[in-house]
Amino acid sequence: MVKFVIVIILCFSTIANAQIDLAQQDSIAKAKNDSIRKTEFIKNIGVGYLPTKYFNFDLRYLIKFNQYEGFRTGLGGVTNDNFSESFRVNGYLVYGFKDDRFKYSIGGGVRINEERSTWINASYTDDLQETGSSTFLTDKRFFTFFEPRLLNIDLFHRHITKSISLEHKITNHLLSETEFSLSKINPTYTYSFLLNGVAYNTFDLSTARISLQWSPFSKFEVIEKRVDEVINGYPKFTFQYTKGFSDIFKSDFNFGKLDFRTVQVFDYGNASKTSFTLVAGLADGEVPLTHLYHAYPNNITKDTVLQRFSVAGLNSFETMYFNEFFSDRFMTFQMKHFLRPFKFSEWFKPQLVLISRHALGNMRSRDRHIGIPFGTLDQLYSESGFEINKLLFGFGLSFAYRYGGYHLPELEDNIAFKFTFNISL
């Protein structure tokens with residue numbers, strides 16, 4: 001009888017322990033899944049997406065402000081892997097209150113090779129673009145909660161663009177994207193492009209672009225069946241070639257553009273680092289002002305320093321006035337040195353950043369561009385200064401001084417004093 005009781009007790013003990021172990025495993029698995037979901041949520045928010053079950057809302061379209069549209073607000077986003085891992089649909093719809101116009105884009109993509117992350121995409125876009133801006137197709141998605149430079153831009157052209165593109169990862173270290181597009185361009189300002197005795201106020205463009213991003217020193221690992229960059233190695237190199245074809249789909253101009261960028265960062269630890277950025281561009285042929293280069297200016301044309309007080313950009317020339325210079329060939333060099341943050345307390349850690357920026361460029365056939373007065377950068381443009389970041393709620397202060405070939409006669413016209421805003425998840 002005693003042996004029987006002992007056996008019964010051992011059986012119940014074993015079952016109880018097994019149930020406890022199963023409960024612990026379930027608890028651990030649940031905690032792990034919750035952690036993964038939280039990490040994925042933060043990762044999506046960090047690149048500007050609010051994820052839902054099948055659709056990720058794009059936070060970039062919620063609200064913005066510029067000098068032409070005033071407040072601009074809307075919704076946009078893209079389907080996620082829960083919807084489909086082999087195709088996606090994306091788009092946005094926004095409204096500008098000052099110009100009283102809707103802008104929109106609709107597109108989608110189909111993945112044809114999972115291992116190489118090869119996608120074929122198509123889109124139709126009716127929107128505005130800053131004149132003189134130049135972007136790389138292969139740039140990773142860039143998102144900030146606040147885009148300071150956008151506040152002061154006033155020179156936009158409207159474009160209606162149909163495009164088809166191919167994304168392909170040649171290797172983990174080498175990404176490529178190729179695009180063919182048809183665009184109808186309509187400047188929102190008074191401008192004419194003179195060519196062979198004809199003044200073009202609006203024009204059609206047929207262009208092909210190929211972009212390569214090479215990160216030879218980055219390290220990659222497979223995480224959750226996805227190849228992620230775990231060590232952001234430097235230097236990085238980006239190349240892009242654009243060809244405009246005349247007489248193809250009624251295109252007006254024939255031209256070529258070559259763009260290059262390299263970034264080098266030396267990380268000393270404790271948030272102390274030095275970064276160098278070199279950007280260059282060359283445009284040749286029949287290129288209207290809309291597709292030439294500015295040097296990323298960020299200074300308002302006002303009389304006094306206080307009237308020009310605004311928010312400093314991340315990589316812009318703070319003393320260079322908007323629409324002051326345009327180039328068909330240019331080069332900019334920027335150096336930033338981040339000192340170790342000053343730790344006054346756990347929540348108050350301001351950081352001093354020393355900055356030096358330089359630009360050089362020129363333009364052939366300036367007489368082709370009618371309606372917009374501008375200068376060229378055939379002398380060396382220079383500015384230097386500093387930022388004191390994260391003084392309060394991500395805000396700080398910046399100071400920059402303009403010197404060299406484009407130093408202005410009035411002292412205060414060479415000075416830029418602004419807020420900075422830096423926040424990260």
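Details
- Test: residue in the stretch 65-72 that is under 24 Å from the mean Cα position of the chain (by Cα), at positive phi and modelled with pLDDT of 55 or more: yes
- Those strands (runs of 3 or more DSSP E) lying entirely in the stretch 144-249 with at least 3 residues closer than 25 Å to Gly91 by Cβ, β-branched (Val, Ile, Thr) and touching a residue at least 12 places away in the same chain (Cβ under 8 Å): 156-171
- Tyr321 at positive phi and under 22 Å from the mean Cα position of the chain (by Cα): no
- Lone unmet requirement of (1) loosely packed, with under 14 Cβ neighbours inside 10 Å; (2) at pLDDT 95 or above; (3) among the basic types (Lys, Arg) for Arg101: (1)
- Scanning the stretch 164-190 for residues that are under 19 Å from Lys243 (Cβ atoms) and among the hydroxyl-bearing types (Ser, Thr, Tyr) returns Ser165, Ser176, Thr178, Ser181, Ser183.
- Subset of the stretch 250-278 [of a type in the set (D, E, K, R) and assigned to a strand (DSSP E or B)]: Lys257, Asp259, Arg261, Asp267, Lys273
- Some residue of the stretch 268-275 being within 30 Å of Asp378 (Cβ to Cβ) and either touching a Ser or Thr at 6+ places or on another chain (Cβ under 8 Å) or at pLDDT 95 or above (or both): yes
- Residues satisfying the criterion are present in the stretch 209-228 (criterion: modelled with pLDDT of 95 or more and β-branched (Val, Ile, Thr)).
- Among the candidates Phe330, Phe309, the residue that is at pLDDT below 90 and among the hydrophobic types (A, V, I, L, M, F, W, C) is uniquely Phe309.
- The stretch 266-301: number of residues that are over 22 Å from the mean Cα position of the chain (by Cα) and hydroxyl-bearing (Ser, Thr, Tyr): 3
The values are calculated or read from the model by the stated rules, or taken from the named source; none is laboratory data. All of these numbers come straight from a predicted model, not from anything done at the bench. Glycine gets a Cβ as well: all are built from the backbone with ideal geometry, and neighbour counts include every protein chain shown.
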